[in-house]
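**Q** Encoded as structure tokens, here's the structure I'll be asking about.
The values are calculated or read from the model by the stated rules, or taken from the named source; none is laboratory data. From a predicted model like this one, the values you see are computed outputs, not experimental measurements. Note that we place each Cβ from the backbone using ideal geometry, even for glycine, and neighbour counts take in every protein chain shown.
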Amino acid sequence: MDFVILSLVMLAIGIYGLLTHRQLLKVFISIELIATAATLNFVMLASSAGQGLGQAFLILAFSTDTAISALILALLVIVTKKYGTSNINEILKMQEKGESEAEA
Amino acid sequence: MILEILSVGLIISACLALFLDEVIHSVAALSGTFLFTALLYYVNGAIYAGIFQFAVGVGTLAILFLSGEMLSSKSIKKTSPRKSLALVGTGFVLSLPAIFLSVSGPSGTFSDVSFGDALWNYNGLDVVLQALVILTVALGIAIVLYERRNGGK
């Protein structure tokens, strides 16, 4: 059982989701998976070596993770209220349409 | 054996969280990911990490359920049972390397550091600065809300 490979698989799933999904909530879930993979690697390595240091750093990492989550959710709410959708492709199309109308 | 079962559950729930069509189902699967991660920490001896992961996961999931319910469109097609089964199978296959392979690295000699020592003696300054940052953010939000309320009158 190797936790490095487990966290690598989690990281790969998160990055794949980040690259392929267009829904902002799915993008957010991908980022959560990447953060979970990073903390999993850190804590399991430290606790396997009998160190409490990994858990202490995890608490610091959680605050960063929570701040990122809050920021992304705020952006998600703003974008969805402004454009009426959370699909990145549709938002980009609306932006391009707005720019071309402004130029005309 | 229990670590292997938790690892398989972790990868399967991560796959389901990403690839299920309905947002609410994805968030439910993500709750499984957080739960399995917390259990992995707990079983491996990182008890505090497990408790913190569980607490933070519950908070994140509550917000995600609310925002997922509010912001997702209702006309999304439902995931077929066949696709769900395929996702579970994919997750199982993806978790096999973690069970059967291993990475060898340099083995060092580690001195035991307890959680309390690590938190206060090694990272005391970090913890205090982090508390200051959180306090600043909370004050900032309070000021913004106060200004908005006064501006609205």
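**Q** I'd like the full set of residues that are among the polar types (S, T, N, Q), more than 8 Å from every other protein chain (Cβ to nearest Cβ) and under 28 Å from B:Met1 (Cα atoms), limited to the stretch A:1-44.
**A** Of everything in the stretch A:1-44, those that are among the polar types (S, T, N, Q), more than 8 Å from every other protein chain (Cβ to nearest Cβ) and under 28 Å from B:Met1 (Cα atoms) turn out to be A:Ser7, A:Asn41.
**Q** I'd like the full set of residues that are more than 9 Å from chain A (Cβ to nearest Cβ) and touching a residue at least 24 places away in the same chain (Cβ under 8 Å), limited to the stretch B:59-73.
**A** B:Leu61, B:Phe65, B:Glu69
**Q** Are there any pairs, at least 6 apart or on different chains, whose C-beta atoms fall under 6 Å, with the first in the stretch B:8-26 and under 18 Å from A:Asp2 (Cα atoms) and more than 7 Å from every other protein chain (Cβ to nearest Cβ) and the second in a helix (DSSP H, G or I) and among the aliphatic types (A, V, I, L, M), and if so, which?
**A** B:Ile12/B:Val88
**Q** How do the helices (runs of 4 or more DSSP H) wholly within chain A filter down when requiring 3 or more residues that are touching a Ser or Thr at 6+ places or on another chain (Cβ under 9 Å): which remain?
**A** Result: A:3-20, A:24-48, A:53-83.
**Q** Checking B:Tyr42 against (1) touching a Leu at 6+ places or on another chain (Cβ under 8 Å); (2) of a type in the set (Ser, Thr, Tyr); (3) at pLDDT 85 or above, only one condition comes out false. Which one?
**A** If we test B:Tyr42 against (1) touching a Leu at 6+ places or on another chain (Cβ under 8 Å); (2) of a type in the set (Ser, Thr, Tyr); (3) at pLDDT 85 or above, just (1) comes out false.
**Q** Could you tell me whether B:Ile63 is in the same structural domain as B:Leu3 (by TED's automatic domain parsing), surrounded by fewer than 16 Cβ atoms within 10 Å (Cβ to Cβ) and out of contact with any Leu (no Cβ under 9 Å at 6 or more places or on another chain)? Spell out how you get there, then give the answer.
**A** Numbers: in the same structural domain as B:Leu3 (by TED's automatic domain parsing): yes; surrounded by fewer than 16 Cβ atoms within 10 Å (Cβ to Cβ): yes; out of contact with any Leu (no Cβ under 9 Å at 6 or more places or on another chain): no.
In short, no.
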